[in-house]
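Chemist: Here it is, the structure in full.
No value in this document is a laboratory result; all are computed from the given coordinates. Model, not experiment: these values are computed from the prediction. Because the Cβ atoms are built from the backbone with ideal geometry, glycine has one as well, and the counts that use them run over all protein chains shown.
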Amino acid sequence: MSKDGSSDFFTTRLEDMVNWARKHSLFPLPFGTSCCGIELMSTLASGYDMARFGAEVVRFSPRQSDLLIVAGIVNLKMAPVLRNIYDQMADPKWVISMGACASSGGIFNVYSVTQGIDTVIPVDVYVPGCPPAPEGLLNALLRLKDMIARGETHSQRRERALKESQA
Amino acid sequence: MNIQNPVPTLYGDWKEKFSLQWSAIISDLKAKFPDALESILLPETHPVDIPTLFLKKEYAMEVLRHLKDAQGLGFLTDYTASDEGEEKRFHLIVHLMSVETKVRLRLKIRLGENETMPTLIPIWEGANWAEREIFDMFGIRFEGHPDLRRILMDVRWEGHPLRKDYPLRGYQVFLTPEPIDPELFK
Amino acid sequence: MSQENSKNFRTDAPLDVTSWGFPATYDVSLKKDSDDIFEDSKVLVNIGPTHPAMHGAFRCMARLNGEVIEKSFCEFGYTHRAKEKLGENRTYHQFVVYTDRLNYCSALANNVAYAMSVERLMGIEVPERAVWIRMMCAELARIIDHLICIGINAVDLGAFSYFLYGYHQREKAYTLIEKLCGARLTTSYTRIGGLMADAPEGWERELKEWIKETRQVIEEMDSLLTENRIWLKRTKGVAIFNKEDCLKYSYTGPNARAAGLDIDLRRDQPCMFYDKMEFDVPVAQTGDVFDRYYVRVEEIKQSLNILTQCADRIKKGPIWAEDKRTRIPEKERVYNTMEGLIHHFKFFMTGFDVPAGEAYTPFEAANGELGFYIISKGGPSAHRMRIRSPSFWHYQGLDPMIQGEYIADLVAALGSINVIAGELDR
């Protein structure tokens, strides 16, 4: 590309181009169940403003969203519901596990709580904290964008593996 | 030091404030239902904050109805149970309050392992979910309850988590969401 | 353009709607959809457990006739975290963190209620400064809880910007809370027999500034929404829950006061220094969504008054009770002396014993009467830790409340009773 803006051509791989586009158009689905849901609201509200990172269009339908933010406890009664929602999302899809409860069960090692949602669905980024501060979630979002650009997320790896097996 | 030590910033001395009302209620109950009370724990002699009356199960409904209608203890603050591990295993615990005078009273009913309890819904409709919770957590059944399902746990759950013999980490995994009984909508 | 032609334009159309054949006032009988072809067609609707209108994880299944709810079932338990069981397995000190996660919108008030209940069982009196700080915590928590409740209620009915006003102020309150204890949401600020740390120098001054700002914001929010015609249409006369119903279903707190059931433990059964405070208890009469909203707005104003009085009267002093059992050893002693280290180890590993006894300690939290009923058999952990959470009883009343209402009003009703999942499921 020339300096005056008139374009000639530039070279890139199609996959990189697609990933670049994908990482800037995340549609989060807030799966807020408990305390972390309030911090997720903080992140979306005016103080922290997740819109700055291109992920403000919150969609409550799994069909319309590609980033599942699991904010809060997922107990054994909720786990099949979470799995259903993940299955309903269209590929490629990403998952952020926000908070200690979702990531590992946290301080609730009891009969009713899943010990981490990675026993139910694949997770790309874990955010520690109980609940994490909004900065933590924003950092996770940036990390996820890097991972998408490099094609390292579960969903993209699954896609690649599928293509290779078909080839 | 224990609960009998009144602390001014923690509600102060309820003994001083309510003892007249409490003794009036208790003597009234003794006169009306001479056989209903098993034992009485008073704050003066026992480490309890409010009088705790042990009721016989057979008289429970009558006594509670009387307390609500005649004594003004019309507010069901709490309804729960505890696993005591005695010969009669469970205690059902009812906390009552009077909206006008704010006098509080605790009633307990001893229940054996497989005993049932008549439902309190005719007296307080709000007892409905409390009873479902007691059933869910302790496995105590209530006669005449219209909808005695599990409330917090999955309907397929086995065992009752708040019993002392249920392990803290007794996970039970289900791969499908909780089924809904279509009968509910009829 | 001639005069006659202009009559066809809407500007000259009759302002009186009745001339077009519609009834002048809203007719309740229209709710029944009497000549609807869908009459007697029953539709089953499932909302939740992950529906945006159900804040948190609840589920409501309803049988609809047209758009009117005939019968509904509310389900919950999707965030059950076994806090009552944990209360029997953790020491009294360890349980403080679990109380944060009850009503996470106002964690500070839960901390205060729990600390009070254990102290009452042990007969410990905390020093004056700690009591003042606890009162400020409880009121601060009440304000931010109500801000989130009315904000979300408005969001559900379409007023998004209203929510941002309140949330902005909540963020500022977070800064104050961070200065107290370092955490934003789950504070674990109170300890049994004292506080985690003293309020920093000049905290009262910052609090007063915040109070001043919040007063303005509340006025602004009030003028933005309270007389808005759309808001009034969506909330007035919707989901009425009257005084008798409140008594039947054991409603407490602002939801009960909205229906004319005049109970407020801060006034009727004062603990801490509430008897020295001057404040009013707002009570409404109808018990509809609007009343529940407006009682909360007024309560915020009263809480701001209490906060100002507390900030004026607080004095310097110790924050820990003179009781060796519950006193966490000072870090200086722990790091420098053997006895201190052993004391520290014993305190955190085995905990302290609470004398046998039982007590039900109520507290007027943001949502209503939050009670901890603890049966102690003398050990370092409770025999039974019952949490009487207001949301449990409030959510139970939702089924009768929404009977015969439109499905769209379910959202308004649910938002107005402010059910918090953590407190509901425990």
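Chemist: So how tilted is helix B:14-32 from the main axis of chain B? Cα-based, degrees 0 to 90, rounded to 10.
Modeler: In chain B, helix B:14-32 runs at an angle near 80 degrees to the longest axis.
Chemist: Work out the length of the dipole vector of the protein assembly as shown about its Cα centre, built from +1 on the beta-carbon of each Lys and Arg and -1 on the beta-carbon of each Asp and Glu, and round it to the nearest 20 debye. Let's see the in-between values first.
Modeler: Working: 94 positive and 107 negative charges, 329 e Å.
With Lys and Arg at +1 and Asp and Glu at -1, about 1580 debye.
Chemist: Would you please classify the overall shape of segment B:1-50 from the alpha carbon gyration tensor, given that a ≥ b ≥ c denote the square roots of the eigenvalues, rounded means a/c under 1.5, and beyond that prolate means a/b larger than b/c while oblate covers the rest? Present the calculation step by step, with values, prior to reporting the outcome.
Modeler: Numbers: a/c = 4.33, a/b = 1.99, b/c = 2.17.
Since a/c reaches 1.5 but b/c is at least a/b, the shape of segment B:1-50 is classed as oblate.
Chemist: Putting +1 on Lys and Arg Cβ atoms and -1 on Asp and Glu Cβ atoms, find which of C:L265, C:F279, C:L247 reaches farthest to the positive end of the dipole of segment C:238-282.
Modeler: C:L247
Chemist: Ratio of alpha-carbon Rg to the 2.2 N^0.38 Å globular estimate for the protein assembly as shown, to two decimals, please.
Modeler: Details: Rg = 27.9 Å, N = 779, 2.2 N^0.38 = 27.6 Å.
Compared with the compact-globule rule of thumb, the protein assembly as shown sits at 1.01.
Chemist: Let me ask something else about it. Dipole of segment C:83-425, Cα-centred, from +1 at each Lys and Arg C-beta and -1 at each Asp and Glu C-beta, to the nearest 20 debye?
Modeler: Working: 43 positive and 48 negative charges, 153 e Å.
Dipole about the Cα centre, nearest 20: 740 debye.
Chemist: Also, I was wondering about something else. How far apart, in nanometres, would the label points at A:A167 and C:S223 be if each is projected 7 angstrom from Cα along the Cα-to-Cβ direction?
Modeler: With each label placed 7 Å out from Cα toward Cβ, I get 6.6 nm.
Chemist: Using the Kirkwood radius over C-alpha pairs as Rh, can you work out the diffusion coefficient of segment C:186-284 via Stokes-Einstein at 20 °C, viscosity 1.002 mPa s, in µm² per second? Spell out each step's value before the answer.
Modeler: Working: Rh = 17.4 Å.
The diffusion coefficient I find is 123 µm²/s.
Chemist: Just how far, in whole angstrom, is segment A:91-106 from segment C:360-422 if you go by their alpha carbon centroids?
Modeler: 28
Chemist: Shifting gears a bit: More than 32 Å apart: what percent of Cα pairs in segment C:83-425 qualify?
Modeler: Values: 17786 of 58653 pairs.
The share of Cα pairs beyond 32 Å in segment C:83-425 comes to 30 percent.
Chemist: Relative to the longest principal Cα axis of chain C, at what angle does helix C:128-156 sit, 0 to 90 degrees, rounded to 10?
Modeler: For C:128-156 against chain C, the angle is about 20 degrees.
Chemist: Continuing with the same structure: About the Cα centre of segment C:77-193, how large is the charge dipole given +1 on each Lys and Arg Cβ and -1 on each Asp and Glu Cβ? Please answer in debye to the nearest 20.
Modeler: Values: 14 positive and 11 negative charges, 45 e Å.
With only Lys, Arg, Asp and Glu charged at Cβ, the dipole is about 220 debye.
Chemist: Debye calculation, C-alpha points only, no solvent: report log10 I(q)/I(0) for segment C:68-205 at q = 0.09, 0.18 Å⁻¹, in the same order as the q values.
Modeler: Log10 I(q)/I(0), no solvent term: -0.34, -1.06.
Chemist: Express in whole angstrom the spacing between the alpha-carbon centres of segment C:211-227 and segment C:285-341.
Modeler: Cα centroid to Cα centroid, the span is 25 Å.
Chemist: Grab the alpha carbons of segment C:56-141, take their convex hull, and tell me the volume per residue in Å³.
Modeler: On the way: hull volume 11.7 nm³, N = 86.
In segment C:56-141, the Cα hull volume divided by residue count equals 136 Å³.
Chemist: Let me ask something else. Calculate for chain C the 222 nm mean residue ellipticity that helices alone would give, adding -39,500 (n - 2.57) per DSSP H run of length 4 or more and normalising by residue count, nearest 500 deg cm²/dmol. Working shown, then result.
Modeler: Working: 18 runs with 200 residues, N = 426.
Theoretical 222 nm ellipticity from helices: -14500 deg cm²/dmol.
Chemist: Further question on the same structure: Counting every Cα pair in segment C:311-426, what percent are over 23 Å apart?
Modeler: Numbers: 3916 of 6670 pairs.
More than 23 Å apart: 59 percent of the Cα pairs in segment C:311-426.
Chemist: For chain A, what relative contact order do you get, as a whole percent, if you take Cα pairs closer than 8 Å and at least 6 residues apart?
Modeler: Values: 287 pairs, mean separation 37.1, N = 167.
After rounding, I find 22 percent.
Chemist: Next question. Relative to the longest principal Cα axis of chain C, at what angle does helix C:203-225 sit, 0 to 90 degrees, rounded to 10?
Modeler: Helix C:203-225 sits at roughly 10 degrees to that axis.
Chemist: In whole percent, what relative contact order does chain C give with Cα contacts below 8 Å and a gap of six or more residues?
Modeler: On the way: 753 pairs, mean separation 100.1, N = 426.
After rounding, I find 23 percent.
Chemist: Further, regarding this structure: In terms of modelled amide H atoms, which long-range or inter-chain residues lie less than 5 Å from the amide H of B:G12?
Modeler: B:V7
Chemist: Return the long-range amide H neighbours of C:L64 (sequence gap of 5 or more, or a different chain), with a cut-off of under 5 Å between placed amide H atoms.
Modeler: The list, which skips near neighbours in sequence, is C:V43, C:L44, C:V45, C:E70.
Chemist: Just want the answer: with Cβ charges of +1 for Lys and Arg and -1 for Asp and Glu, which residue in A:S65, A:N75, A:C101 is farthest toward the dipole's positive end in chain A?
Modeler: Working it through, the farthest residue towards the positive pole turns out to be A:N75.
Chemist: Return a whole-number percent for the relative contact order of segment B:30-186, with Cα pairs under 8 Å and 6 or more residues apart as the contact set.
Modeler: On the way: 247 pairs, mean separation 24.4, N = 157.
After rounding, I find 16 percent.
Chemist: Now a separate question. Using the C-alpha gyration tensor of segment B:14-185, what are the square roots of 5 times its eigenvalues, in whole angstrom, with the largest one first? Display every interim value, and only then the final one.
Modeler: Working: eigenvalues 212, 64, 41 Å².
With the √(5λ) rule applied to segment B:14-185, the semi-axes are 33, 18, 14 Å.
Chemist: ³J(HN,Hα) across segment C:361-371 via Karplus (A = 6.51, B = -1.76, C = 1.60, θ = phi - 60°), whole Hz, x for Gly/Pro?
Modeler: Calculated HN-Hα couplings, in order: 10, x, 8, 7, 7, 4, 8, x, 6, 9, x Hz.
Chemist: Based on the Cα gyration tensor of chain A, what are the three equivalent ellipsoid semi-axes, each the root of five times an eigenvalue, rounded to whole Å and given largest first? Before the final figure, lay out each step's value.
Modeler: On the way: eigenvalues 190, 81, 32 Å².
The three semi-axes for chain A are 31, 20, 13 Å.
Chemist: Once you put a point 7 Å from the Cα of C:F348 and another 7 Å from the Cα of B:E58, both along the Cβ direction, what distance in nm separates them?
Modeler: 5.7
Chemist: Give me a comma-separated list of calculated 3J(HN,Hα) values for segment B:101-113, in order, Karplus coefficients 6.51, -1.76, 1.60 applied at θ = phi - 60°, integers in Hz, x for any Gly or Pro.
Modeler: Rounded to whole hertz, the list is 9, 6, 7, 10, 8, 10, 10, 10, 10, 7, 9, x, 3.
Chemist: Based on alpha-carbon centroids, what's the gap between segment B:47-91 and segment C:132-155 in Å, whole number please?
Modeler: 34
Chemist: Let me ask something additional. Per residue of segment B:53-61, what does 6.51 cos²θ - 1.76 cosθ + 1.60 with θ = phi - 60° give for ³J(HN,Hα)? Whole Hz please, x for Gly and Pro, Karplus curve as stated.
Modeler: Result, rounded to whole Hz: 9, 8, 9, 7, 4, 5, 9, 3, 4.
Chemist: Just want the answer: with Cβ charges of +1 for Lys and Arg and -1 for Asp and Glu, which residue in A:T119, C:C60, C:V45 is farthest toward the dipole's positive end in the protein assembly as shown?
Modeler: Ranked along the dipole, the leading option is A:T119.
Chemist: Under the rule of at least 5 residues apart or a separate chain, name every residue whose amide H is placed under 5 Å from the amide H of C:R191.
Modeler: C:M196
Chemist: Over the alpha-carbon set of segment C:246-402, divide Rg by the Kirkwood Rh and report the Rg/Rh ratio to two decimals. Don't skip to the end; give the middle numbers.
Modeler: Numbers: Rg = 20.8 Å, Rh = 18.9 Å.
With Rg and the Kirkwood Rh in hand, the quotient comes to 1.10.
Chemist: Direction-averaged shadow area of the convex hull around the Cα atoms of segment A:80-147, nm²?
Modeler: Working: hull surface 19.2 nm².
Approximately 4.8 nm², given one-decimal rounding.
Chemist: Further question: Could you check the simple spin-label distance between C:A197 and C:Q403, using points 7 Å along Cα→Cβ, in nm with one decimal?
Modeler: 5.3
Chemist: Rounded to the nearest 5, what is the percent of antiparallel bridges among the DSSP beta bridges in the protein assembly as shown?
Modeler: Values: 51 of 72 bridges.
Antiparallel bridges make up about 70 percent of those DSSP assigns within the protein assembly as shown.
Chemist: Between A:S7 and B:T116, what FRET efficiency comes out of the Förster formula 1/(1 + (r/R0)^6) with R0 = 60 Å and r the beta carbon distance, rounded to 0.05? Walk me through the numbers on the way to the answer.
Modeler: On the way: r = 82 Å, r/R0 = 1.36.
Once rounded, the FRET efficiency stands at 0.15.
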